[in-house]
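The values are calculated or read from the model by the stated rules, or taken from the named source; none is laboratory data. The structure displayed is predicted, hence computed values, not measured ones. Please note: Cβ atoms are built from the backbone with ideal geometry, for glycine as well, and neighbour counts cover all protein chains shown. In case anyone asks, the SASA skips ligands and DNA or RNA and just uses the protein heavy atoms, side chains included. Shrake-Rupley method; radii C 1.70, N 1.55, O 1.52, S 1.80 Å.
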Number of protein chains: 2
Amino acid sequence: MTVAPQPEEAVSDKPWERIHELLAEEDSVGLTQLVESFTSEDDRRALSRLSNEDQARLVTLLHHDVAAELLESLPEEQAADILEDVSSEHAASIIEAMPEDAGVDLLQEMHPEDSAAVLAEMDDPVEADRLRTLASYAWDSAGGLMSDAFASVPDESTVGQVLQELSSGAEEYSDMDVQYVYTVAADGSLTGVLRLRDLVLTPPGRPVSSRMIRNPASVSVSEPLESLVKIFEEHSYIGLPVVDENGRLAGVVSAHAVQEAASDHLAEEYLVSQGIVGGEELRSMPLLTRCKRRLAWLTPNIALNLFSVTIIGMFESTLASAIVLAKFLPMVSDMSGCSGNQAVAVSIRELTLGLIRPADYWRIISKEGMLGMINGFVLGTLVGIIASFWGILSGGQFNPWLGLVIGSALAVNTILSVVLGGLIPLILKRMKADPALASSPILTTCTDMCGFFLVLSLAGRIIERLS
Amino acid sequence: MTVAPQPEEAVSDKPWERIHELLAEEDSVGLTQLVESFTSEDDRRALSRLSNEDQARLVTLLHHDVAAELLESLPEEQAADILEDVSSEHAASIIEAMPEDAGVDLLQEMHPEDSAAVLAEMDDPVEADRLRTLASYAWDSAGGLMSDAFASVPDESTVGQVLQELSSGAEEYSDMDVQYVYTVAADGSLTGVLRLRDLVLTPPGRPVSSRMIRNPASVSVSEPLESLVKIFEEHSYIGLPVVDENGRLAGVVSAHAVQEAASDHLAEEYLVSQGIVGGEELRSMPLLTRCKRRLAWLTPNIALNLFSVTIIGMFESTLASAIVLAKFLPMVSDMSGCSGNQAVAVSIRELTLGLIRPADYWRIISKEGMLGMINGFVLGTLVGIIASFWGILSGGQFNPWLGLVIGSALAVNTILSVVLGGLIPLILKRMKADPALASSPILTTCTDMCGFFLVLSLAGRIIERLS
């Protein structure tokens, strides 16, 4: 059976259906043509629609150059998952077909056993060694972010020799944006940098040493992302040379790569703050992996919630005498949680921007305390008025005492919530824990407990006016 | 009275205290020296510690070049706030001392009346007109992100003339990273692009038209950030020329500027998702501004919470007969909200990555529905067991019926929460609303209502076993 060619719009609309058909026929050529016609967004959507087995079969059937391009266009985590399901031999030839830094990123993202197996299958053992070293650097360090796309020349060359080298290596350099040429000593250590535009205007016979900038700024392979962001923020470098433990030039880290990593980090932080442990989930991942990761954050939350259950239990008789209170407990909990989470978010942002340090407790207490008093007053008054009149709406009576209890508990609890919400990220940061992950559950537990305690203990004092 | 010079560590530790002293003496020279000695992180922390009046006084007392550098190192929103408090004349000279794109960013961030007043005070009316045009582009469009730091030459030049132009304009070009030279026709329209490294290897007498790449890729000033991100993701351009409505070369947008804007956008989205309307709050902002912005999100939340109050009210008699249920209502609300927010975050991320489109409802329903069944079963079972045994811990009895009610309500509500959480961002996106801002409150309202309804209506059916 042959399948009639699909009309253009059908391909761009639901490309994964066409992939299914071609996979069923193991039509390598057809798949390669189809995938080559995709834009990268098509790629990603189409791949997400395939089962994990089909993704692996697709990548196995494609020409390794096309497979490499396809995987490069996917989110790294998804590409690494697919590669793990492909034979090591196949995976090795795909990694070899990629630009070095893209390959390294995937190797870093794979399980260590899988990436070791892939490296062992590579044709060129020297290149495999090089990739192994590069993959050993943390993804968020200069070593992990650097690229090997740079030009370096011995510092004893002449200008003419450098231009000759650049011109003869034109093909090799065509993928890179050469604007700086680095000069190295005989032992490979970085000695200077040449700007391409300076070379252009210098007589070819002059030694590069007469034009090079000596002792150029450089960073070590272990420089962390956080400090790279600061360096590129304070200087307008396009890129910086990276040197290894022995001072040898190892690569170049670009402002763009640093900015991209910072952006990835922010995206991860957002997901972590919403309870996605690890900072990455795509719906194309296996169901049980997704379940397990989400449960890893939800299950401890059960334990935290038991504190609130206990507090409410302590006041069971109060609640029994004034059942109307039970209606407003979830509202006090929700409103306080929201106020506190606003303060959490501002603290996390200010920590990232370097506007506050983990020790700046007093600043948070005063700034959030003031805000909490105003917002607590506004919210407490509004909710208090609503609670006072709520009885009338539900066929009962106007009860200002109920409004007083709910409103004042919410007002006080708002102050506590914003101060705590502001402080918790700083405390977690100081304890080297991840503020994005743990701030919100800890905050909610505290504010729920305080909120329920305030409502029910205040109510207990004037219980005869509420029942 | 003269103040003794502060020891080094005191300056770096609490620079704002020293600024206070120098401000009191109106010591312009001292302030300039102190600020020049800061790193940009010091700047930001020090400025954050000053009152708004002191920030404006400091910027007024500093030499305008130093003030310009200081403001450039601050978050844009903070810098714009400070400039609004300075006289227009002063602000104009500071903006003039900045690189054009930094100045434009601040003008865009300021209130329209303030930026108009500043532009009116500028010395050079032609430059003011140019800045006015640039500031009129949205910050997240190619026009708003482009820089004027590029080299362009008439397309009838010779290679030698171009090299001569680059060399004679060395000072002008020294701030930029020239690697492409754009060629324009007599009417200013973009006709081609020259790579610096190609020029270097071409005889000077040849016309540039023989080496230039014709009809180069370009984007319009109105190209939105979202599509710029995609373009730079699919191609490895370092920068792209930007043309205005008439096809004239207006600027160059770099991959780095696009990545930086995407990163700012993510940071804003995180704050918005936590209820910070507008996506930016720094604790250095005026107290009432901070209060108002936070309340703008909290106040509608009160209205949404009233739905849950109503649902609980409908079952007041059930609750009165089995007060133990009231203990577990906030837990059901919290756990369901957390599960749903995980799904919200994954949907927002997948929308950003282009992995799902607003119409992909069925995919979300099937993927989240499956996950909801598993997680709902796990969480429902755990919480059900705890609820069954809770009575024993608090001096009462083992009650499997309570566990059954709470556990099965949580299980069903978890399925609803994750499906709704997954769908709500898509629906909001389709309605052109901001998913980050509204998803969580809408989700919480729905899951609270459903959760309370499930617990209380199930309980009503077996009320004699619970009381």
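For A:Ala250, the residues 5 or more places off, or on other chains, whose built amide H falls under 5 Å of its own are A:Val242, A:Val243, A:Asp244. For the range B:287-466, the equivalent ellipsoid derived from the alpha-carbon gyration tensor has semi-axes of 32, 21, 13 Å in decreasing order.
Counting only other chains, what is the mean number of Cβ atoms within 10 angstrom of the Cβ of each residue in peptide B:263-270? Walk me through the numbers before you get to the answer.
Working: counts 10, 2, 2, 9, 9, 2, 3, 12.
Per-residue shielding by partner chains comes out at 6.
After finding the eigenvalues of the alpha carbon gyration tensor for the protein assembly as shown, what semi-axes result from the square roots of 5 times each, listed largest first in whole Å? Spell out each step's value before the answer.
Details: eigenvalues 577, 276, 120 Å².
Each semi-axis is √(5λ); the values are 54, 37, 25 Å.
When the Cα atoms of the range B:197-290 are aligned to their principal axes, the ranges along those axes come out at 66, 28, 26 Å in descending order.
Taking every DSSP helix (H) stretch of at least 4 residues in the protein assembly as shown, weighting each as -39,500 (n - 2.57) and dividing the sum by the residue count yields a mean residue ellipticity at 222 nm of -21500 deg cm²/dmol. Of the cross-linked pairs A:Lys292/B:Lys327; B:Lys230/B:Lys429; A:Lys367/A:Lys432; B:Lys292/B:Lys429, those separated by over 21 Å at the C-alpha level are A:Lys292/B:Lys327; A:Lys367/A:Lys432; B:Lys292/B:Lys429. Compute the accessible area of each residue in the range A:201-220 twice, once for its chain alone and once with every protein chain present, using a 1.4 Å probe on heavy atoms, and list those whose area falls by at least 30 Å². Buried by the other chains: A:Leu201. Peptide A:283-289 has a mean of 4 when you count, residue by residue, the C-beta atoms of other protein chains within 10 Å of its C-beta. Our summary gives chain A a relative contact order of 11 percent, counting only alpha carbon pairs under 8 angstrom and 6 or more residues apart. Backbone amide hydrogens, once placed in the peptide plane, bring A:Thr183 within less than 5 Å of A:Val153, A:Thr191, A:Gly192, A:Val193, A:Leu194, excluding anything fewer than 5 places away on its chain. Karplus-based coupling profile of the range B:411-427, in residue order and whole Hz: 4, 5, 5, 5, 4, 4, 4, 6, 5, 4, x, x, 7, 3, x, 5, 5, with θ = phi - 60° in 6.51 cos²θ - 1.76 cosθ + 1.60 and x standing for Gly or Pro.
The heavy atoms of A:Glu260 present about 80 square angstrom of accessible area, all protein chains included, probe 1.4 Å. If you average 1/r across every pair of different Cα atoms in chain B and take the reciprocal, what Kirkwood value do you get, in Å? Kirkwood hydrodynamic radius for chain B: 27.1 Å. Largest first, the residues B:Thr158, B:Thr202 sort by 1.4 Å accessible area into B:Thr158, B:Thr202. Here the range A:130-267 has 48 percent of its accessible surface on carbon and sulfur atoms, given a 1.4 Å probe and all protein chains in place.
Between copies, the label points of A:Ile385, set 7 Å from Cα on the Cα→Cβ line, lie 4.9 nm apart, reported in increasing order to one decimal in nanometres. A simple packing score, the average count of other Cβ atoms within 10 Å per residue, orders the peptides B:23-30, B:376-383 as B:376-383, B:23-30, with the highest score first.
Split the accessible area of the range B:287-466 by element, probe 1.4 Å, and carbon with sulfur accounts for 72%. The Rg/Rh ratio for the range A:310-356 is 1.30, where Rg is the radius of gyration of the alpha carbons and Rh is the Kirkwood radius.
The heavy atoms of B:Phe453 present about 90 square angstrom of accessible area, all protein chains included, probe 1.4 Å.
Convert 10 °C to kelvin, take the viscosity as 1.306 mPa s, use the Kirkwood radius over C-alpha pairs of the range B:87-153 as Rh, and evaluate the Stokes-Einstein diffusion coefficient in µm²/s, rounded to a whole number.
Working: Rh = 12.0 Å.
It comes out at roughly 132 µm²/s.
What average count of beta carbons from other chains do you get within 10 Å of the Cβ of residues in B:312-325?
Values: counts 8, 10, 2, 2, 6, 1, 1, 6, 5, 1, 0, 10, 6, 1.
Mean inter-chain Cβ contacts per residue within 10 Å come to 4.
The other copies place their A:Asp101 label points at 1.8 nm from this one, listed shortest first, where each point is 7 Å from Cα along Cα→Cβ.
Under a Cβ-only charge scheme (Lys and Arg +1, Asp and Glu -1), can you give me the dipole magnitude of the range B:287-466 about the Cα centre, in debye to the nearest 20?
On the way: 14 positive and 8 negative charges, 129 e Å.
Here the range B:287-466 has a charge dipole of around 620 debye.
For chain A, the longest principal axis of the C-alpha atoms and the axis of helix A:324-353 are separated by about 30°.
Size check on the range B:212-352: the Cα extents along the three principal axes, sorted descending, read 85, 36, 25 Å. Each residue, A:Ala433 and A:His20, gets one label point 7 Å from its Cα in the Cβ direction; the gap between the two is 4.6 nm.
Excluding ligands, DNA and RNA, the accessible surface per residue across the protein assembly as shown is 42 Å² with a 1.4 Å probe.
3J(HN,Hα) couplings calculated from phi for the range A:150-159 with the Karplus curve 6.51 cos²θ - 1.76 cosθ + 1.60 (θ = phi - 60°) are, in sequence order, 8, 10, 10, 9, x, 6, 9, 5, 9, 4 Hz; Gly and Pro show x.
Dividing the Cα radius of gyration by the Kirkwood radius, what Rg/Rh value follows for the range B:8-136? Working shown, then result.
Details: Rg = 14.4 Å, Rh = 14.7 Å.
Using only Cα positions, Rg/Rh for the range B:8-136 is 0.98.
For A:Trp16, the accessible surface of its heavy atoms amounts to roughly 40 Å² (probe 1.4 Å, protein chains only, rounded to the nearest 10). Remark: label point of B:Asp27 defined 7 Å out from Cα along the Cα-Cβ vector; separations to the same position in other copies 8.1 nm, ascending.
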